[in-house]
Amino acid sequence: MKRKIAVLGSTGSIGTQTLEIVRNNGDLEVTALAAGRNVDALERQIREFHPETACLWEEEAARDLKERVRDLDVRVVWGMEGLMEAAAGGPAQIVVTAVVGMIGIRPTMAAMEAGKDIALANKETLVTAGHLIMPLAAEKGVRILPVDSEHSAIFQCLQGAGGNPAHKILLTASGGPFRGWDRERLSHVTVEDALRHPNWSMGKKITIDSSTMVNKGLEVMEARWLFGVEFDQIQVVVQPTSVIHSMVEFADGAVIAQLGTPDMKLPIQYALYYPERRYLPGERLDFAKIGEIHFEEPDCRTFNGLALAYEAGRKGGTMPTVFNAANEQAVALFLDRKIPYLAIADLIQGALENCSMVEAPGVEEILQAERQARAYVEQQMEAGRF
């Protein structure tokens with residue numbers, strides 16, 4: 001019997017790799033696809049995978065798509081309502097949430113309300129709404145299966161723990177393309193520089209986040225919710241070659257690590273088939289060639305986005321949302337060449353200092369905090385402060 005899946009963010013990096021896994025396995029069936037604005041790519045995916053539902057964010061693009069696929073039996077929807085329908089409607093048993101940003105909160109919750117498991121690649125959902133998501137998962141009896149390589153690694157390490165909880169999570173980071181640089185050197189970074197990640201092939205936004213270490217900060221906040229630990233139990237360790245994807249230390253001092261080549265298809269496939277492990281074509285680790293594995297402490301003074309993430313996470317409430325939204329807006333401005341590289345972390349810090357705090361926000365208050373943080377960043381840019 002085929003396992004039915006929905007893929008939100010199907011034309012992005014995680015989405016396309018998910019569909020590669022579908023191609024390589026005959027027992028997966030795609031019932032829904034959702035993308036942002038890429039009509040051409042989504043049309044090709046519809047013709048190959050024949051989903052029941054397809055969604056684009058913009059109505060005009062969706063109308064174009066609908067005309068193009070009028071020869072096929074597919075329902076074309078758009079916007080947030082369409083995204084929620086793609087997530088919650090239909091027969092999918094597991095929803096891959098690979099959309100970028102806080103847009104993922106509502107469809108993820110809608111899918112969970114409908115009793116569907118979540119293959120989570122949208123870290124912003126837990127960063128900003130973990131206090132809502134984790135209780136809902138428990139209430140509905142659905143599984144949240146992490147797709148981020150680091151969180152999948154932690155999840156895999158815990159499978160052999162016999163129910164023993166993590167004493168400490170050792171969250172690994174490559175250090176990005178600018179590991180070892182000082183702020184003077186970083187002040188000259190271009191968009192092209194920041195998009196050259198040494199190990200991983202990812203989308204533009206997450207690649208920039210990896211270079212600033214903000215992505216690791218988001219992963220710290222995500223891990224806090226996924227694994228039920230406190231921030232003092234999460235230690236970031238730089239492992240430049242991305243051979244160790246993360247580790248778990250237990251109460252007796254034992255450490256279990258998950259190792260592998262830097263290939264996102266492994267955590268995606270593990271989430272889709274959990275607890276089964278399927279054969280995955282690709283390169284294997286050759287320990288004789290690796291020779292040694294090197295570790296460093298992160299430089300939180302130079303890459304202060306990581307320190308700001310711990311600060312926002314410990315404060316809680318809407319502060320993780322402010323952190324995330326300010327970063328999203330600042331990264332977009334950097335990619336548009338409107339602000340310099342170092343302004344990204346400076347704008348996050350300013351937003352945390354100037355945006356209001358709500359202790360236990362609901363979805364609407366989370367979205368209001370997002371708007372406030374984005375507005376702050378735009379105002380700073382328009383005032384020419386960067």
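Remarks
- Relative contact order [Cα under 8 Å, 6+ residues apart], the chain, whole percent: 14
- When the convex hull of its Cα atoms is projected in every direction, mean area for segment 229-293 (nm²): 6.2
- In terms of the mean number of neighbouring beta-carbon atoms within 10 Å, the peptides 29-36, 354-361 order highest first as 29-36, 354-361.
- Note that the chain presents 43 Å² accessible area per residue, ligands and nucleic acids not counted, probe 1.4 Å.
- Compactness of segment 35-92, expressed as Rg and Dmax over alpha-carbon positions, Å: 10.2, 27
- Base-10 log of normalised Debye intensity for segment 156-234 (one unit scatterer per alpha-carbon) at q = 0.12, 0.18 Å⁻¹: -0.45, -0.81
- Per-q log10 I(q)/I(0), the chain, q = 0.07, 0.12, 0.14, 0.15 Å⁻¹ (Debye; single scatterer per alpha-carbon; no solvent): -0.30, -0.94, -1.29, -1.47
- Shape index of segment 313-383: Rg/Rh, with Rg the Cα radius of gyration and Rh the Kirkwood radius from the inverse mean 1/r over Cα pairs, equals 0.98.
- Segment 206-365 - convex hull of the alpha-carbon atoms, volume per residue in Å³: 176
- Charge context of L352, other residues only, Cβ under 10 angstrom, K/R +1, D/E -1: -1
- Cβ-defined net charge surrounding R385, 13 Å radius [Lys, Arg +1; Asp, Glu -1]: -2
- When shorter helices are ignored and each DSSP H run of at least 4 residues is given -39500 (n - 2.57), the per-residue value for the chain at 222 nm works out to -14500 deg cm²/dmol.
- Segment 71-165, accessible surface, carbon-and-sulfur percent (1.4 angstrom probe): 51
- With bins 5 Å wide beginning at 0, the percent of Cα pairs of segment 260-343 falling in each bin runs 3, 11, 12, 11, 11, 15, 17, 14, 6, 1.
- Seen from all directions on average, segment 151-202 presents a Cα convex hull projection of 5.3 nm².
- Sum of side-chain charges, A326 neighbourhood, beta-carbon under 11 Å (Lys, Arg +1; Asp, Glu -1): -4
- Here the peptides 160-173, 273-286 are ranked by packing, the mean other Cβ count within 10 Å, and the order with the highest first is 160-173, 273-286.
- Under the combined filter of DSSP loop state and at most 14 neighbouring Cβ atoms within 10 Å, segment 1-38 retains these trypsin sites (Lys or Arg not before Pro): K2, R37.
- Sorted largest first, extent of segment 102-249 alpha carbons per principal axis (Å): 50, 34, 24
- Long-range tail of P(r) for segment 1-128 (Cα pairs > 19 Å, %): 40
The values are calculated or read from the model by the stated rules, or taken from the named source; none is laboratory data. As the structure is a prediction and not an experimental result, all values here were calculated from the model. Every residue, glycine as well, gets a Cβ built from its backbone with ideal geometry; the counts of neighbours run over all protein chains shown. Remember, those area values only see protein heavy atoms, side chains included, never the ligands or the DNA or RNA. Shrake-Rupley method; radii C 1.70, N 1.55, O 1.52, S 1.80 Å.
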